[in-house]
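Step one of this worksheet: look at the structure below.
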Ligand code: GLA
């Protein structure tokens, strides 16, 4: 991909670019907890976004997307990021860096990547992080990785309209090969945990659906959690978010919250607990426990947090029946995208054939299988 970016840049802009890469991410467990300052357990993957960049001495910036085979020009002092356009993330990140006091001068960009679209592997965070890194390399800005992740999060919130948490850009910035990170979304500190899963592999099963209510439902779920916090603070004045509550508080919380809110709060509290249990189980190589925690996470996202969908639930049910699968759950924001599964490598092909046949028969859709390897975070290449 690097040579493709460089060649396209030379052809299109007649200059030599600096190239950076930022990966997409998976999340082993800890879903819909980041925006409650909770715990998540993501990892960067080998697939991601590459950006080639060079200064251009022109009056505009020019960006060329390999995927869309399209050029987009914009001016740094009058940008108008439009929701839904690929260049939104570019202008969003430029706006945030300028607001933070980093002076930009006009540049050219070529962007390409190999993250499957709509799979929920955070291609948008990878794009924002790679652009932020490209700009900081080009102009020698001393931007720390953590701040790069925070700018990328803010850009997505402001310009893409999703009130997202820190997990995706953080994972894209801090990934380590072969490791997942146990991230505390309050302190923004993490611990790298080796993912040794013996003769199993991480397999994503892309449902090939992405329901349109995803971003509005995401914002609603976040708002529901915030509403619960306000109510619970009357009895627990010391709490700032749901992360400050424990599984042992659930019986009391059930009495305090309206019926519609309690299951959502319960999900966040139990999911944070599952994150710690999963990290401990991985460290002690208790793989059976890792598997059952993944299944429990799916159930909680389906029944309590209500962010799954028929297609993901069907795939999850199939994995429960399959001996080759250690555990599986829906991954990311929900309402489509991927099921993350841990599958015995030797039996993987038979399992894929079976699940594909069953899924095609029920939904007339062919799932996509994506094997993932855990890779390093954003870097110049
Ligand atoms: C999306 C958001 C993340 C996180 C997940 C759910 O990927 O971007 O911040 O909230 O959903 O865990």
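In degrees, nearest 10, range 0 to 90: what is the angle between the Cα axis of helix 88-99 and the longest Cα principal axis of the chain?
In the chain, helix 88-99 runs at an angle near 80 degrees to the longest axis.
Evaluate E = 1/(1 + (r/R0)^6) for residue 68 and residue 98, where r is the Cβ-Cβ distance and R0 equals 22 Å; express this FRET efficiency to the nearest 0.05.
That pair, residue 68 with residue 98, gives E of 0.35.
Normalised by the residues of segment 163-268, what does the relative contact order come to in percent, with Cα pairs under 8 Å and at least six apart?
19 percent
Could you calculate the contour length gain from residue 60 to residue 345, that is, 0.36 nm times the residue separation minus the distance between their Cα atoms, to one decimal place in nm?
Once the chain is fully extended between residue 60 and residue 345, it gains 97.6 nm.
Would you work out if segment 2-194 is rounded, prolate or oblate? Take a ≥ b ≥ c from the square roots of the eigenvalues of the alpha-carbon gyration tensor; rounded if a/c is under 1.5, else prolate when a/b is larger than b/c, oblate otherwise.
The shape class here is prolate.
Would you mind telling me the antiparallel percentage of the DSSP bridges in the chain, rounded to 5?
Taking every DSSP beta bridge with both residues in the chain, the antiparallel ones total about 95 percent.
What's the center-to-center distance, using Cα atoms, between segment 360-379 and segment 127-189 in Å?
Result: 23 Å between the Cα centres.
What percent of all Cα-Cα pairs in the chain falls in each 10 Å bin, counting up from 0?
For the chain, the binned pair fractions read 5, 24, 31, 24, 12, 3, 0 percent.
Rounding to the nearest 10 and keeping the result within 0 to 90°, find how far the Cα-based axis of helix 262-283 lies from the longest principal axis of the chain.
Tilt relative to the chain: about 80 degrees.
Run the helix sum for the chain: -39,500 (n - 2.57) per DSSP H stretch of 4+ residues, divided by residue count, reported at 222 nm to the nearest 500 deg cm²/dmol.
-12500 deg cm²/dmol
Let me have the relative contact order for the chain, percent, based on Cα pairs under 8 Å that are six or more residues apart.
24 percent
Rounded to the nearest 10 degrees, what's the angle between the helix 214-232 long axis and the longest principal axis of the chain, both from Cα atoms, 0 to 90?
Between the helix axis and the principal axis of the chain, the angle is about 60 degrees.
Percent relative contact order of segment 34-146, based on C-alpha pairs within less than 8 angstrom and at least six residues apart?
Across segment 34-146, relative contact order equals 36 percent.
Between segment 254-318 and segment 34-50, how many Å separate their Cα centres?
A separation of 17 Å, based on Cα centres.
Neighbouring Cβ atoms within 10 Å as the yardstick, rank 170, 218 fewest first.
Arranged by neighbour count, lowest to highest, 170, 218 become 218, 170.
According to the square roots a ≥ b ≥ c of the eigenvalues of the Cα gyration tensor, what is the shape class of segment 262-381, taking rounded for a/c under 1.5, prolate for a/b larger than b/c otherwise, and oblate for the remainder?
rounded
By how many nm would the segment from residue 219 to residue 365 grow when fully extended, if each residue of separation counts as 0.36 nm and the alpha-carbon distance is taken off?
Between residue 219 and residue 365, full extension yields an extra 49.7 nm.
Which order do 190, 12 fall in if you start with the one that has the fewest other Cβ atoms within 10 Å?
Fewest to most other Cβ atoms nearby, the residues stand as 12, 190.
Computed from the coordinates by the stated procedures, all read-outs in this text should not be read as laboratory data. Treat the numbers as computed from the prediction; the structure is a model and nothing was measured. A quick note on method: Cβ atoms are made from the backbone with ideal geometry, for glycine too, and the neighbour counts reach across all protein chains shown.
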